[in-house]
């Protein structure tokens, strides 16, 4: 849904942001009262997008005019999709260089880095995580095992073969695969990947992205939510009000969408050129922390 909250650059306002999700494979942070906040102010990227401009109910289906189809949605502002990690407020205030705190994705991140997966932050863990963060351009690189670092690891690991575990059914036709476990989506035809994988954001606990088989039944490049009056660029609806669409802000928030599969503008634009009306969508898994 489209509620956006503007987080002021001042830390007092930023501290109101929600707590981070916890991966199923990782223990909860030892201190459940730790507040996680974006590790950098919005700057030129505009307000942090906490809720997303989803459409809760099926849209009114109509045939867009040729003029509507000819217009491309506006670009996102520079920095809109920066990889800004959510970090403890106390670390941000004190400008910590290497955190001693255990992150919500600690055990999963340790496994990915091939470190002892004890779920507890150590000095060596912190340095290994910082090295990954610096290599991927994640800021602030203070070694906190947060949702952005975890999501980036899922993407890096999946690039060679996103369907290595064969969770997405292989068919002779195009299938848009939505992996809630890893928060990834891609399109395959047979065993060939024709789009992605890319990071995405699926529905939160109260509004989960519905699992199983679906069909792209309506597409609108410049759709505006009829309920909330906000843009849903490159919208491709596959189940009621749930659609693939772009958002003009980070997809790496600590909460999920209202059910839609949110993408960056560039990824949504590319996916628009890959999928067609009638193509199939398959959704499985569970968003971490839900």
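The values are calculated or read from the model by the stated rules, or taken from the named source; none is laboratory data. This is a predicted model, so every value here is computed, not measured. Here the Cβ positions follow ideal geometry from the backbone for every residue, glycine too, while neighbour counts run over all protein chains shown.
Observations on the structure shown:
- Given (1) surrounded by fewer than 23 Cβ atoms within 10 Å (Cβ to Cβ); (2) not assigned by TED's automatic domain parsing to the domain that holds residue 38, index of the condition residue 95 fails: (2)
- Residue ranges of helices (runs of 4 or more DSSP H) in region 89-208 with at least 3 members under 21 Å from residue 36 (Cβ atoms), under 20 Å from the mean Cα position of the chain (by Cα) and touching a residue at least 40 places away in the same chain (Cβ under 8 Å): 106-112, 147-158
- Count of region 54-79 residues which are within 18 Å of residue 237 (Cα to Cα) and either assigned by TED's automatic domain parsing to the domain that holds residue 260 or outside any loop (DSSP other than H, G, I, E, B) (or both): 2
- Residue check for residue 181: closer than 27 Å to residue 88 by Cβ, in contact with a helix residue (DSSP H, G or I) (Cβ under 8 Å, 6 or more places away or on another chain) and either surrounded by 13 or more Cβ atoms within 10 Å (Cβ to Cβ) or assigned by TED's automatic domain parsing to the domain that holds residue 279 (or both): no
- Test: residue in region 100-121 that is in contact with a strand residue (DSSP E or B) (Cβ under 6 Å, 6 or more places away or on another chain) and surrounded by 13 or more Cβ atoms within 10 Å (Cβ to Cβ): yes
- Within region 231-262, restricting attention to residues that are more than 19 Å from residue 215 (Cβ to Cβ) and in a strand (DSSP E or B), the residue that is modelled with the lowest pLDDT is 231.
- Conditions (1) surrounded by fewer than 17 Cβ atoms within 10 Å (Cβ to Cβ); (2) at pLDDT 90 or above: number failed by residue 77: (2)
- Test result for residue 221, part of a loop (DSSP other than H, G, I, E, B) and surrounded by fewer than 21 Cβ atoms within 10 Å (Cβ to Cβ): no
- Exactly one residue out of 205, 131, 157 is at pLDDT below 95 and surrounded by fewer than 19 Cβ atoms within 10 Å (Cβ to Cβ), and it is 205.
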